[in-house]
1. In the stretch A:221-328, which helices (runs of 4 or more DSSP H) lie fully inside it and hold 2 or more residues that are more than 7 Å from chain B (Cβ to nearest Cβ) and over 24 Å from the mean Cα position of the chain (by Cα)?
2. Looking only at helices (runs of 4 or more DSSP H) that fall completely inside the stretch A:80-192, which ones have 3 or more residues that are over 30 Å from A:ASN294 (Cα atoms) and not hydrophobic (A, V, I, L, M, F, W, C)?
3. If you check A:ALA53 against the conditions, is it more than 9 Å from chain B (Cβ to nearest Cβ) and either without any contact (Cβ under 8 Å) to a residue 12 or more places away in the chain or closer than 30 Å to A:LEU300 by Cα (or both)?
4. Answer yes if at least one residue in the stretch B:153-162 is of a type in the set (A, V, I, L, M, F, W, C), facing chain A (nearest Cβ under 8 Å), open to solvent by less than 10 Å² (accessible area, probe 1.4 Å) and under 12 Å from the mean Cα position of the chain (by Cα), and no otherwise.
5. Looking at the stretch A:39-57, which of its residues are in a helix (DSSP H, G or I) and out of contact with any helix residue (DSSP H, G or I) (no Cβ under 7 Å at 6 or more places or on another chain)?
6. Suppose we filter A:SER325, A:SER341, A:SER360, A:SER373 for residues that are within 26 Å of B:ARG12 (Cα to Cα) and among the polar types (S, T, N, Q); which single one remains?
7. Give the residues of the stretch B:63-87 that are within 19 Å of the chain's Cα centre (by Cα) and not β-branched (Val, Ile, Thr), sorted by residue number.
8. Are any residues in the stretch A:119-138 surrounded by 21 or more Cβ atoms within 10 Å (Cβ to Cβ) and of a type in the set (D, E, K, R), and if so, which ones?
Amino acid sequence: MQVTALRFKRKAKQNLRNARLQSALSKIQVRFVQARADAIADLDDFEAVRQRATAIREGVLANLDAWLERFEQEATRRGAVVHWAETAADVNRIVIEIAQANQVKKAIKSKSMVSEECALNDALEAAGVQVVETDLGEYILQLAHEAPSHIVAPVLHKTKDEVSDLFAKKHDLPRKTGIAELCREARDILRPHFVSADMGISGGNFLIAETGSVLLVTNEGNGRMTTTLPRVHVAITGIEKVVPTLEDATTLVRILPRSATGQDITNYVSVLTGVKRADESDGPEQFHIILLDNGRSAMLGTELQSMLRCIRCGACMNHCPVYQSVGGHAYGWVYPGPMGSILTPLYAGLANTLPLPNASTLCGACAEVCPVSIPLPDLLRELRHRQSTQDLRPWRERLGLRVWMWLALRPLWFARATALASRVGHRLGGAKHRLRWLPGAGGWTHGRDLPAPAGKTFRALYRARKPR
Amino acid sequence: MSARDAILARIRSASRGPSANVEEVIRAHQCGPQPLAYGDLVQRFVERAQRLASTVEQVRSRHDVPRAVAHYLEHQNLNRAALCWPEFLDLDWFGARISVAAQRPEPEDEIGITGAFCAIAETGTLMLLSGHDTPAATSLLPETHIAVVARERIVATMEDAWALLRQAHGALPRAVNFISGPSRTADIEQTVTLGAHGPARVLIVLI
Ligand code: SF4
């Protein structure tokens, strides 16, 4: 998928004016924020679970090579084939090779953000393999030729009426208006595909080193179909998804759906190990697991390593005031919101994603809810710092900072300059004591006024006080 | 260098800190914080299962299962032909006017009757293992899933379920499926709708 993060501002502006989108986004508060709060309260000690979850993920990252090797060894022993991919293009090549070796004509997919990262569908279609998305949200996107706007709820940006129109047009059936009817229609249309597909493609929420298993959490049941019915199953996931034991996976499962949708547990949690046994009537004959790097290993040992703990729950975007206002598409790649503002620059380069680390007020809501305690605002600040040291910021901002630094290092000049600014600001504030416009900060004062300075600096006031 | 070696080499050169003894960590099977003990496992299980929109029927013995199932099917206005795991074929389905068969599940099948390896009180969840006599598709393709579980098989948490599985089988089967109520989707306007691609109804018969 092409990265269009540089257009963030323009897209954000459009989205703020898009009434339909705003109405769709307004649902986040109740459906995600409130639901999460309730589910967290239902745990006896959320903080303890979160700390353990954080420790598990951090522990794996400290020895990622050993854990990956252990996973590979066990998965292979159980009959799976483990593939390693450096880049998104490598993933696509591997999947196409598997498809061709098995004469695959049709592949069904359950939701996988990593495959979005690779734009796998396009690559497969180009290679002559029909791909059918089976997660309802992803299916809608496939019909509409759109990208997901949320990592958990991919069609968050669409209203029911838009889906009605889309289905009526694409399915050539009478237009349905109820949500239940629409779901039913998708079920009926997709069912034959499950049975006729030769290959199932899924993601993987966790890789379990102990048993060589891939763990999947799903609600619709399409993930189970995708991994049970076709003769070939390909699971694609990032190298960072490995956890040591079933117990560790359990701790994470206790916290993932709660953080994502406010469910205690998803409808289905499937732990898949190896291939169909000779006496089994269902299950795939081949199980391929593709481990993608795509910039992940480069984050290890850097200030950004903690981002690799991410379990893709979406809580950070649900709680982000910027995401809640502009929606996911503004961020211009697969991962939106705070986590995306960190991942996209690392994937596409700082220069191609300049607005993203700045598309945050650093209010800290994301870090507060992150189930694996990722200090997202610190990471955003780190990226801002990198932008600045790599001279990627606009010259006016750089000049401004340079002037400020010069002053800040010289107390006497600093005092004079602030005294002057305070006086001038006070004058300009007029009777209302408000500044309606600041030079160079038009964006900031566009929607609000700044209280005018009092006319005297703190230091002046302090000096004026009589010593007791 | 293969992609595998390149990736692993990069990870190695970046990793800080002492290397962990992987096998030791695994053997420890350290559990994270778990819920406080439940007074009554059965009560907790039933309550949570119902919250997830499963129906729960309690019966005295195995032999009462067909009657409970018949009652449910009647109530829901459903057909009386079901797929069934072999372990329950010996029950008197005929007497309850239900026809059962233990064949390979097909997409047209309407009702699937399965057992469960165990059930989890914390979340009202069933744990099913795939196998020759326990095909995974029976709990997946039909629109109605009926699961028969003995009360003694209810454990408190998923951690307990893993311990039970290790004790009983050692290794994992091809698929372990944790099932928590009927399949659902909330993709359209974040409104929950039951019956996505998996079953739309789940009946749990507790013996
Ligand atoms: S960064 Fe944290 S809150 Fe955001 S998706 Fe990842 S795990 Fe969830």
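The values are calculated or read from the model by the stated rules, or taken from the named source; none is laboratory data. Quick caveat, the model's predicted, so the values are computed rather than measured. For neighbour counting, all protein chains shown are included, and Cβ atoms are generated from backbone atoms with ideal geometry for every residue, glycine included. Side chains are part of the model used for accessible areas, which takes the heavy atoms of the whole protein and leaves out ligands, DNA and RNA. Shrake-Rupley method; radii C 1.70, N 1.55, O 1.52, S 1.80 Å.
1. Filter on the stretch A:221-328 gives an empty set.
2. So the answer is A:160-171.
3. For A:ALA53, the condition - more than 9 Å from chain B (Cβ to nearest Cβ) and either without any contact (Cβ under 8 Å) to a residue 12 or more places away in the chain or closer than 30 Å to A:LEU300 by Cα (or both) - is not met.
4. No; the residues of the stretch B:153-162 include none that is of a type in the set (A, V, I, L, M, F, W, C), facing chain A (nearest Cβ under 8 Å), open to solvent by less than 10 Å² (accessible area, probe 1.4 Å) and under 12 Å from the mean Cα position of the chain (by Cα).
5. A:ALA41, A:ASP42, A:GLU47, A:ALA48, A:GLN51, A:ALA55
6. A:SER373
7. Within the stretch B:63-87, B:ALA82, B:LEU83, B:CYS84, B:TRP85, B:PRO86, B:GLU87 qualify.
8. Selection gives A:GLU133, A:ASP135, A:GLU138.
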